[in-house]
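Trainee: Right, I'll just put the structure down here and ask away after.
The values are calculated or read from the model by the stated rules, or taken from the named source; none is laboratory data. Since this is a predicted model, take the numbers as computed values, not measurements. Here the Cβ is made from the backbone with ideal geometry for all residues, glycine too, and neighbour counts use every protein chain on show.
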Amino acid sequence: MKLFKNILDTVKPHFLKGGKLEKMYPAYDAFETFLFVPDHTTHSGSHIRDSIDLKRTMAFVVIAMLPCILFGMWNIGSQYHIGVNSLLPENEQISYSFLDNFMFGFWKFLPLLVVSYAVGLAVEFAFAISRGHSVNEGYLVSGMLIPLIMPIDVPLWMLAISVVFAVVIGKEVFGGTGMNILNPALTARAFLFFAYPKHMSGDKVWVHGAGTDGYSGETILGQLATNTTSWFDLEKWNTSDAFYGFIPGSLGETSFLAILVGAIILLFTGVGSWRIMLYTFVGGYLTALLFNFWGANYLMSTPAHVQLLIGGFAFGAVFMATDPVTATQTNKGKIIYGLLIGFFAIVIRVFNPAYPEGMMLAILLMNVFAPLIDHYVVGSNIKRRLNRVKV
Amino acid sequence: MSKEIRLKKGLNINLSGVADKIFASIKPTDKSSRYVVKPTDFHSLNPKLAVKVGDKVKAGTVLFFDKSNEKIKFCSPVSGEVLEINRGEKRRILEVVLLADSDISYEKFQTSNVEDLSREQIIDAMLKSGLWPFIRQRPYSIIANPTDIPKSIFISAFNSAPLSIDNDFALYGMDDLFQKGLDYIVKLTDGVTHLNVDANTNSSQLFLNAKGVQINKFMGPHPAGNVGVQIHHIDPINRGDVVWYLEPQDVIAVARLFTDGKYDVSRIVALCGSQVIKPRYYRVISGSCVADLLNDNLKDGENRVISGDVLTGKKISKDGNIGFYDTTITVVEEGNKQEFLGWILPGNHKFSASRTFFSWLQPNKKYIIDSNMHGEERAYVVTGQYEKVFPMDIYPLQLIKATMIEDIELMESLGIYEVAPEDFALCEFVCTSKMEVQKIIREGLDLVRKENS
């Protein structure tokens with residue numbers, strides 16, 4: 001600790017006004033405040049302040065993602081090895097240990113994570129320096145989310161471009177963390193989806209090597225969307241596989257259980273909004289239930305609770321929809337926002353066989369409408385106050 | 001017609017250093033004879049001096065008055081001599097310093113029975129004697145305009161802010177005086193005078209037996225004791241409405257004026273806070289020097305002395321003086337220290353309204369909180385925080401944002417007239433983005449007031 005303090009103290013003068021690296025002060029400040037909570041004291045208003053700050057809030061979101069990350073790394077390895085074995089005759093199949101699977105996933109995930117953070121933070125620092133404000137913590141979460149929702153085989157340069165697009169167009173042009181309209185992580189994914197659809201959709205991208213080695217990498221949603229088998233006839237997977245997450249998919253999204261643990265951490269600490277989470281699930285469940293009665297295709301007839309377990313629904317509800325910057329800000333608005341995300345996610349799923357993963361578009365769509373929802377919620381409060389005068 | 005109101009939203013901050021319910025006395029030898037009246041205690045006051053350095057004054061002699069309404073006078077709390085007049089930037093008057101005599105002599109004001117006085121006569125007497133500044137108004141949270149007729153008057157009998165004075169204890173035995181004061185106060189409005197008591201505890205009979213007023217009970221965490229919250233739930237302010245309010249000890253001062261004919265602003269203050277060795281109650285005179293109470297009574301370290309409670313008070317120096325309206329003196333440690341990786345450590349000893357620190361394991365723990373910001377200011381990211389500690393039917397975040405962009409129409413429709421900075425103190429406390437919420441609201445109120453004047 002002393003060591004860090006000494007290093008910081010030696011280099012600090014260069015970054016201060018009049019120093020050689022004066023313009024780089026935000027970068028220095030980011031490192032200093034990362035190591036040490038600053039010694040700033042209150043000077044107006046309340047003399048004491050809550051111990052929480054944005055760094056801790058963001059750190060807890062990352063902590064809440066850890067179960068998904070750890071499970072996801074194992075599952076990436078596991079799905080790959082299942083795929084490889086499926087090409088071999090039964091007596092030549094190899095059994096892989098837990099560690100084999102985990103380490104395989106780890107080495108696949110690590111480059112994605114490094115690129116996501118390195119590129120994203122570089123852009124953030126560049127903007128902070130050019131605008132002379134401190135580096136905000138928002139990217140700590142976005143940078144972790146992005147590799148969790150990308151296909152594991154996505155080329156690193158594509159990932160880098162989508163990160164740049166997300167941070168610059170999705171966030172910085174609006175003024176940085178706290179000002180953006182669209183969720184940055186989803187903006188990255190949406191960019192990739194529309195710019196390089198071959199790498200983002202179809203049955204070849206969600207398991208490592210599926211595109212080249214010839215085994216199937218199809219997800220549950222993908223199979224249901226082809227409308228050839230119903231959920232009940234799927235032999236490969238059942239409800240408990242979907243709950244635990246032994247299914248193909250992006251790294252973060254497969255295990256409902258791991259997401260649930262994350263959700264509990266977010267809700268217990270008070271970092272995530274229970275209203276958004278709960279009502280997204282409620283909205284999704286009710287909509288799926290309605291389509292069960294219609295049943296025009298196999299996705300419509302998939303049981304409502306299964307709809308919540310498969311694809312990115314749960315991950316989106318817990319980690320994406322709850323992004324406070326892009327969500328509605330009023331408590332009533334959060335309920336409406338959640339319900340509509342759930343509704344649209346399922347609607348997009350069942351009506352759009354080309355892209356059965358509706359969650360991303362549902363959240364982005366509602367991001368755009370969030371201010372409108374708040375506008376009407378706040379408007380009703382204003383009306384109530386006006387009516388009070390008349391009474 | 002008394003009402004009982006339960007508030008769910010809010011936050012009790014359990015701080016260590018509550019004042020013991022004991023009166024401590026100040027040794028006469030320790031007692032400073034330096035008293036200060038600060039025009040800055042009265043928001044937006046433009047003072048005009050009525051004395052100069054060297055003048056002899058009595059308790060009740062006018063020191064300065066309000067330039068915009070010369071009837072509103074501010075008087076000396078003690079008799080003695082005007083020692084200094086301290087000015088700040090642009091010759092703004094910051095302090096009128098008095099050197100007190102050992103025995104106080106008082107200006108003589110007329111005593112009269114309440115039945116013999118009309119509303120105008122009561123107001124007149126209060127204006128002349130310098131007691132009027134105790135009557136404050138909403139909107140804007142400033143000294144009331146004596147020509148207004150308020151639709152109601154509010155007295156909050158209790159404080160819910162952390163460590164603040166317990167009026168049940170402070171006013172013990174003053175039942176008659178309190179009732180007498182109330183008798184005069186209730187005549188100031190055509191409407192109802194509301195006395196709001198704490199339903200979390202057994203309130204003192206002094207309040208519960210009060211006559212001529214409507215007694216309402218408030219239950220729930222801080223800010224249940226804030227008069228703004230109480231007004232909102234009982235008789236909310238709309239555009240154009242005026243409500244007056246004062247504090248229980250101010251009622252006592254009113255009673256003394258009419259029974260003894262004196263401007264007697266002796267009051268009881270609670271000295272509290274984690275840096276005080278023996279937190280106690282003291283009998284002092286408004287404007288007296290806090291050094292009297294702090295001598296040999298502070299723990300080592302760099303201390304911050306606050307006139308008022310820890311959420312809304314003003315920072316004063318160690319030999320500063322008690323503010324006009326303040327009945328609590330709080331001392332906490334300055335938090336000008338860096339903390340290594342403090343944003344990720346478990347933090348068993350750290351208080352937070354969230355459960356991101358492991359201190360949630362000990363729900364009854366008493367906390368020592370210093371003046372550190374615990375982070376840097378950021379743009380708004382987290383939502384829903386303010387709403388949890390803001391027990392009014394007002395959208396706090398939206399109102400603050402409207403205030404930031406100075407959209408007066410929007411501020412009005414979102415309820416700016418109903419709030420004061422102190423109502424936002426908890427929002428400021430819990431704010432993850434470390435916004436200076438009270439300052440924003442104060443500037444907003446000033447802006448709206450200027451626009452309406």
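Trainee: Quick one: in segment A:334-351, which of the residues that are surrounded by fewer than 24 Cβ atoms within 10 Å (Cβ to Cβ) and out of contact with any Leu (no Cβ under 9 Å at 6 or more places or on another chain) is modelled with the highest pLDDT?
Mentor: Within segment A:334-351, the match that is modelled with the highest pLDDT is A:Ile336.
Trainee: Filter segment B:55-70 down to the residues that are over 11 Å from B:Gly130 (Cβ atoms) and part of a strand (DSSP E or B) and list them by number.
Mentor: If the condition is that a residue be over 11 Å from B:Gly130 (Cβ atoms) and part of a strand (DSSP E or B), then B:Lys56, B:Val57, B:Asp66, B:Asn69, B:Glu70 are the ones that fit.
Trainee: Which of the residues that make up segment A:66-84 are of a type in the set (A, V, I, L, M) and out of contact with any helix residue (DSSP H, G or I) (no Cβ under 6 Å at 6 or more places or on another chain)?
Mentor: A:Leu66, A:Ile69, A:Leu70, A:Ile82, A:Val84, listed by residue number.
Trainee: Looking at (1) in contact (Cβ under 8 Å) with a residue 12 or more places away in the chain; (2) more than 30 Å from B:Val382 (Cβ to Cβ), which is the one condition that is false for A:Ser162?
Mentor: Unmet condition: (2).
Trainee: Then there is this: Which residue pairs have Cβ atoms closer than 6 Å, lie 6 or more positions apart in sequence or on different chains, and pair a first residue in segment B:284-301 that is part of a loop (DSSP other than H, G, I, E, B) with a second residue that is surrounded by 20 or more Cβ atoms within 10 Å (Cβ to Cβ) and of a type in the set (Asp, Glu)?
Mentor: B:Gly301/B:Glu333
Trainee: Let me ask you something else. Please go through segment A:337-371 and give me each residue that is among the polar types (S, T, N, Q) and part of a helix (DSSP H, G or I), ordered by number.
Mentor: Selection gives A:Asn367 alone.
Trainee: Is it the case that A:Ser95 is more than 15 Å from A:Gly249 (Cα to Cα), within 14 Å of chain B (Cβ to nearest Cβ) and either out of contact with any Pro (no Cβ under 9 Å at 6 or more places or on another chain) or assigned to a helix (DSSP H, G or I) (or both)?
Mentor: Considered against the rule, which asks whether it is more than 15 Å from A:Gly249 (Cα to Cα), within 14 Å of chain B (Cβ to nearest Cβ) and either out of contact with any Pro (no Cβ under 9 Å at 6 or more places or on another chain) or assigned to a helix (DSSP H, G or I) (or both), A:Ser95 comes out as no.
Trainee: Also, I was wondering about something else. Anything in segment A:87-108 that is within 20 Å of A:Ile69 (Cβ to Cβ) and acidic (Asp, Glu)? List them, or say none.
Mentor: Selection gives A:Asp100 alone.
Trainee: Tell me the residue from B:Val284, B:Val331 that is closer than 26 Å to B:Pro221 by Cβ and either more than 10 Å from chain A (Cβ to nearest Cβ) or buried (at least 20 other Cβ atoms within 10 Å of the Cβ) (or both), please.
Mentor: Answer to the check: B:Val331.
Trainee: Give the residue that is farthest from the other protein chains (Cβ to nearest Cβ), with candidates limited to residues of segment A:5-30 that are farther than 17 Å from A:Lys55 by Cα and surrounded by 15 or more Cβ atoms within 10 Å (Cβ to Cβ).
Mentor: The qualifying residue farthest from the other protein chains (Cβ to nearest Cβ) is A:Gly19.
Trainee: Looking at segment A:334-371, which of the residues that are among the hydrophobic types (A, V, I, L, M, F, W, C) and within 14 Å of another protein chain (Cβ to nearest Cβ) is farthest from the chain's Cα centre (by Cα)?
Mentor: For segment A:334-371, the residue satisfying everything is A:Ile335.
Trainee: Can you tell me which of (1) more than 7 Å from chain A (Cβ to nearest Cβ); (2) polar (S, T, N, Q); (3) surrounded by 22 or more Cβ atoms within 10 Å (Cβ to Cβ) is the one B:Ser359 doesn't meet?
Mentor: (3)
Trainee: Let me ask something else about it. Mind counting the residues in segment A:204-218 that are part of a helix (DSSP H, G or I) and either free of Cβ contacts under 8 Å to residues at least 24 places away in the same chain or within 14 Å of another protein chain (Cβ to nearest Cβ) (or both)?
Mentor: 1
Trainee: Of the residues B:Glu412, B:Glu418, which is at the interface with chain A (Cβ under 10 Å from one of its Cβ atoms), of a type outside the set (A, V, I, L, M) and over 24 Å from the mean Cα position of the chain (by Cα)?
Mentor: Among B:Glu412, B:Glu418, only B:Glu412 is at the interface with chain A (Cβ under 10 Å from one of its Cβ atoms), of a type outside the set (A, V, I, L, M) and over 24 Å from the mean Cα position of the chain (by Cα).
Trainee: Among the residues that make up segment A:69-83, is at least one of them loosely packed, with under 15 Cβ neighbours inside 10 Å, in a helix (DSSP H, G or I), more than 9 Å from chain B (Cβ to nearest Cβ) and of a type outside the set (Asp, Glu)? Write out each step before concluding.
Mentor: Of segment A:69-83, the ones loosely packed, with under 15 Cβ neighbours inside 10 Å are none.
Looking through segment A:69-83, none of the residues is loosely packed, with under 15 Cβ neighbours inside 10 Å, in a helix (DSSP H, G or I), more than 9 Å from chain B (Cβ to nearest Cβ) and of a type outside the set (Asp, Glu).
Trainee: Then there is this: Mind listing just one residue for me: the one in segment B:365-384 that is more than 7 Å from every other protein chain (Cβ to nearest Cβ) and under 20 Å from A:Pro38 (Cα atoms) and, of those, farthest from the chain's Cα centre (by Cα)?
Mentor: Once the filter is applied, the top-ranked residue is B:Glu377.
Trainee: Out of segment B:205-241, which residues are without any contact (Cβ under 8 Å) to a residue 40 or more places away in the chain and more than 23 Å from B:Gln137 (Cβ to Cβ)? Let's see the steps before the verdict.
Mentor: In the first step, residues of segment B:205-241 are kept if they are without any contact (Cβ under 8 Å) to a residue 40 or more places away in the chain; the result is B:205-206, B:208-212, B:240.
The answer is B:Gln205, B:Leu206, B:Leu208, B:Asn209, B:Lys211.
Trainee: Let me ask you something else. Using beta carbons and a limit of 7 Å, which pairs, at least six apart or on different chains, have the first residue in segment B:393-408 and more than 10 Å from chain A (Cβ to nearest Cβ) and within 12 Å of A:Thr330 (Cβ to Cβ) and the second one assigned to a helix (DSSP H, G or I) and among the hydrophobic types (A, V, I, L, M, F, W, C)?
Mentor: Once the first residue is more than 10 Å from chain A (Cβ to nearest Cβ) and within 12 Å of A:Thr330 (Cβ to Cβ) and sits in segment B:393-408, its partners that are assigned to a helix (DSSP H, G or I) and among the hydrophobic types (A, V, I, L, M, F, W, C) give B:Pro396/B:Phe424; B:Pro396/B:Cys427.
Trainee: When both residues are 6+ apart or on different chains and their Cβ atoms are under 6 Å apart, which pairs have a first residue that lies in segment A:127-145 and is touching a residue at least 60 places away in the same chain (Cβ under 8 Å) and within 12 Å of chain B (Cβ to nearest Cβ), and a second that is of a type in the set (Gly, Ala, Ser) and not in a loop (DSSP other than H, G, I, E, B)?
Mentor: What qualifies is A:Val135/A:Ala30; A:Val135/A:Ala128.
Trainee: Have a look at B:Ile153, B:Ile123, B:Ile215 and point out the one that is assigned to a helix (DSSP H, G or I), buried (at least 18 other Cβ atoms within 10 Å of the Cβ), among the β-branched types (Val, Ile, Thr) and touching a helix residue (DSSP H, G or I) at 6+ places or on another chain (Cβ under 8 Å). Spell out the reasoning first.
Mentor: Working: B:Ile153 fails: assigned to a helix (DSSP H, G or I); B:Ile215 fails: assigned to a helix (DSSP H, G or I).
That would be B:Ile123, the only listed residue that is assigned to a helix (DSSP H, G or I), buried (at least 18 other Cβ atoms within 10 Å of the Cβ), among the β-branched types (Val, Ile, Thr) and touching a helix residue (DSSP H, G or I) at 6+ places or on another chain (Cβ under 8 Å).
Trainee: State yes or no: is A:Phe174 within 14 Å of chain B (Cβ to nearest Cβ), within 30 Å of A:Ala370 (Cα to Cα), without any contact (Cβ under 8 Å) to a residue 12 or more places away in the chain and out of contact with any Lys or Arg (no Cβ under 7 Å at 6 or more places or on another chain)? Talk me through it step by step, then tell me what you get.
Mentor: Working: within 14 Å of chain B (Cβ to nearest Cβ): yes; within 30 Å of A:Ala370 (Cα to Cα): yes; without any contact (Cβ under 8 Å) to a residue 12 or more places away in the chain: yes; out of contact with any Lys or Arg (no Cβ under 7 Å at 6 or more places or on another chain): yes.
When the stated conditions are applied, A:Phe174 passes them.
Trainee: While we're here: Would you confirm whether or not segment B:173-186 contains a residue that is assigned to a loop (DSSP other than H, G, I, E, B) and more than 18 Å from the chain's Cα centre (by Cα)?
Mentor: Yes - at least one qualifying residue is present in segment B:173-186.
Trainee: I'd like the residue in segment A:250-303 that is within 14 Å of chain B (Cβ to nearest Cβ) and without any contact (Cβ under 8 Å) to a residue 12 or more places away in the chain and, out of all such residues, is surrounded by the fewest Cβ atoms within 10 Å (Cβ to Cβ).
Mentor: If we take residues in segment A:250-303 being within 14 Å of chain B (Cβ to nearest Cβ) and without any contact (Cβ under 8 Å) to a residue 12 or more places away in the chain, then A:Ile264 is surrounded by the fewest Cβ atoms within 10 Å (Cβ to Cβ).
Trainee: Could you look through segment A:31-67, keep only residues that are of a type in the set (Gly, Ala, Ser) and buried (at least 18 other Cβ atoms within 10 Å of the Cβ), and pick out the one that is farthest from the other protein chains (Cβ to nearest Cβ)?
Mentor: Here the residue is A:Ala64.
Trainee: Please count how many residues of segment B:421-453 are closer than 13 Å to B:Ser141 by Cα and either hydroxyl-bearing (Ser, Thr, Tyr) or away from chain A (no Cβ under 13 Å) (or both).
Mentor: 5
Trainee: For segment A:372-391, which residues satisfy the criterion of being at the interface with chain B (Cβ under 10 Å from one of its Cβ atoms), among the β-branched types (Val, Ile, Thr) and within 26 Å of A:Asn180 (Cβ to Cβ)?
Mentor: Listed by number, the residues that qualify are A:Val377, A:Val378.
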